[in-house]
Amino acid sequence: MREVMSHLDAAADLEQVLYDVHREIQPLIGQGQLADYIPALSAVDPQQFGLALATTSGEVHGIGDYQLPFSIQSLSKVYAFALALAADGETIWERVGHEASTHPFNSLLQLEHDHGIPRNPFLNAGALVSVDRLMSRHGSAVQPLREFLRAESGNHNIDVEKSVAESERAHCDRNASLAHLMASYGNLDNPVPNVLDNYIEQCALTMSCHDLALAARFLVRGGVRADGTRLLSTDNAKRINATMLVCGMYDQAGAFAFRVGLPAKSGVGGGVLAVVPNRGVLCVWSPGLDRSGNSVAGVAALEAFSLATGWSVF
Ligand SMILES: NC(=O)CC[C@H](N)C(=O)O
């Protein structure tokens, strides 16, 4: 394994690994279920697969549909939380925790038990906190988030897919319940309908693996943005990575750490972001999901990549 690792900085070797990974997981593409609780997401072709690696220096290697935009859904939670943490600093931890949850990402049970303080920023309730904090600072959450994603990826066409937002808006009773419950505990400052609207729009942003991986490089650059300015302190960048490791794959976080061993975050559009410290960010996409809402082929690809390269935090 060490030997493989030491040779891997050569671009040609990385391309070969991506090619081998794609071939290896081919039988899994199309397996799993589409996220039909948001009808627009169930209209997507399940046979799609893309994998990109953006290195710390900004080179991008990719395979398959890695330049095709898809619905980022909960991947948005990583970037939105980073912006909220950058704005609020330590005080944000009074409103949201950093503990794992064994409950599904949209569960109400734990939230009631914890008096309206979500366990972590990657559950839907936790993401509503980030949205609320950004709205209090900027009047909008989705706008500063979109600006950030455009700047970090260099793609100024990144935008909200209105049909996906409409589709989620028509089926958002559960997220509305989460928001109202938090509001009843005083953990939202802005009106619930506005918070929900911003949340739904940020989930409906459409991006490719290429752009998502580029835009998350601040997590492997100790909090430093693409233009060299600092978004987060090194400590806070580390804390986001740690929170991803423990909470990013929901109730499968333990299984994912066992199989892959990288901080990661999934979304029900089928995307998974994974951070490889000091090396780069991987983003994989394939729409078929397992029962926890994680991409079946995506997780398998990250496992195959990590086994082939030895890249992991362990
Ligand atoms: N895990 C996810 O990607 C969930 C995001 C989705 N928009 C929801 O609120 O249910």
All conditions in (1) open to solvent by less than 10 Å² (accessible area, probe 1.4 Å); (2) away from the ligand (no atom under 16 Å from the Cβ) are true of VAL78 except (2)
Next item on the list: Would you check if GLY298 is open to solvent by less than 10 Å² (accessible area, probe 1.4 Å), over 17 Å from LYS77 (Cα atoms), under 14 Å from the mean Cα position of the chain (by Cα) and in contact (Cβ under 8 Å) with a residue 24 or more places away in the chain?
Entry: yes
query: When you look at VAL272, is it within 11 Å of the chain's Cα centre (by Cα), of a type in the set (Val, Ile, Thr), in a loop (DSSP other than H, G, I, E, B) and within 16 Å of the ligand (Cβ to nearest atom), yes or no?
result: no
Counted residues in segment 195-213 being away from the ligand (no atom under 16 Å from the Cβ) and either over 20 Å from the mean Cα position of the chain (by Cα) or open to solvent by less than 20 Å² (accessible area, probe 1.4 Å) (or both) come to 3
Is there a residue being over 28 Å from ALA52 (Cα atoms), open to solvent by 60 Å² or more (accessible area, probe 1.4 Å) and in a loop (DSSP other than H, G, I, E, B) anywhere in segment 119-136? yes
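Every residue, every condition in (1) open to solvent by 10 Å² or more (accessible area, probe 1.4 Å); (2) within 29 Å of ILE25 (Cβ to Cβ); (3) within 16 Å of the ligand (Cβ to nearest atom), yes or no:
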site	(1), (2), (3)
PRO39	yes, yes, yes
SER42	yes, yes, yes
THR56	yes, yes, no
ILE63	yes, yes, no
TYR66	yes, yes, no
SER71	yes, yes, yes
ASP88	yes, no, no
ILE92	no, no, no
task: Taking LEU307 as the residue in question, decide whether it is touching a Pro at 6+ places or on another chain (Cβ under 6 Å) and more than 16 Å from the ligand (Cβ to nearest atom).
output: no
With criteria (1) buried (at least 24 other Cβ atoms within 10 Å of the Cβ); (2) within 16 Å of the ligand (Cβ to nearest atom), VAL192 comes up short on (1)
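The values are calculated or read from the model by the stated rules, or taken from the named source; none is laboratory data. Predicted, not measured: the structure shown is a model, and the values here were computed from it. Every residue, glycine among them, receives a Cβ derived from its backbone with ideal geometry; neighbour counts consider all protein chains shown. Quick note on the areas: whole protein, heavy atoms, side chains included, nothing else; ligands and nucleic acids left out. Shrake-Rupley method; radii C 1.70, N 1.55, O 1.52, S 1.80 Å.
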